[in-house]
Amino acid sequence: MTRFNDLSLLYTRPGFLLRRAHQISAAVFEDECRTVGLTPAQFGVLTVLHASPGLDQSSLARALGFDKVTVLRVLRGLEDRGLVKRSPAPDSRRNLAVQLTLEGEVLLNKAQKPAERAYERLMAPLSTEQQMQLVALLQQMTEGLEEHARAAFVPADRP
């Protein structure tokens, strides 16, 4: 038997497990947030905009680790639903500032409980100590490998 026939080598690789965990995380979130009609990406955009009103599109993309195409796609969907509005950024006519509408604020508030249930469901198989370890390890991994990311991540609360 060759190494290629041993699927345990594939199924125990961090990349495979991270991708599978992400699929499950998205499915759990979408299940819990079905009543508010939000995806994890949309919830992230609304949350960042709530914390940083008027953020420009480029900074918003970096605050979520999104590429420009992804952030534009998410923003268009949210804008079509009347949840965000874009206008010329005060410091640059080439960039657009984004802010939540009143409807966006209301929906974000309504999404808090389902999002929290999704988080609790996702972490349920782990003890409290394991949950903290997992988050710490994921933070260490992403921070340590940030230079290899396809899209930069710069939290909105950092200059």
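No lab work stands behind these numbers, since they all come straight from the coordinates. Source: prediction; values computed, not measured. Every residue, glycine among them, receives a Cβ derived from its backbone with ideal geometry; neighbour counts consider all protein chains shown.
Figures for the structure shown
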{"read-out": "Tail weight of P(r) past 16 Å, computed on alpha-carbon pairs of the range 77-158, percent", "value": "73"}
{"read-out": "Highest-MSF residue in the chain out of 71, 106, 84 [GNM, Cα springs under 10 Å]", "value": "106"}
{"read-out": "Choice from 96, 46, 17 showing the highest fluctuation, given a GNM over the chain with Cα pairs closer than 10 Å", "value": "17"}
{"read-out": "With Cα atoms, 0 to 90° folded angle of helix 102-123 axis to the chain main axis", "value": "10"}
{"read-out": "For the chain, convex hull volume per residue from C-alpha positions, Å³", "value": "154"}
{"read-out": "Surrounding net charge for residue 98, when Lys and Arg each add one and Asp and Glu each subtract one, Cβ distance under 9 Å", "value": "0"}
{"read-out": "C-alpha long axis of helix 128-144 to longest principal axis of the chain, angle in °", "value": "70"}
{"read-out": "Cα-based helix-to-principal-axis angle, 40-51 vs the chain, degrees rounded to 10", "value": "50"}
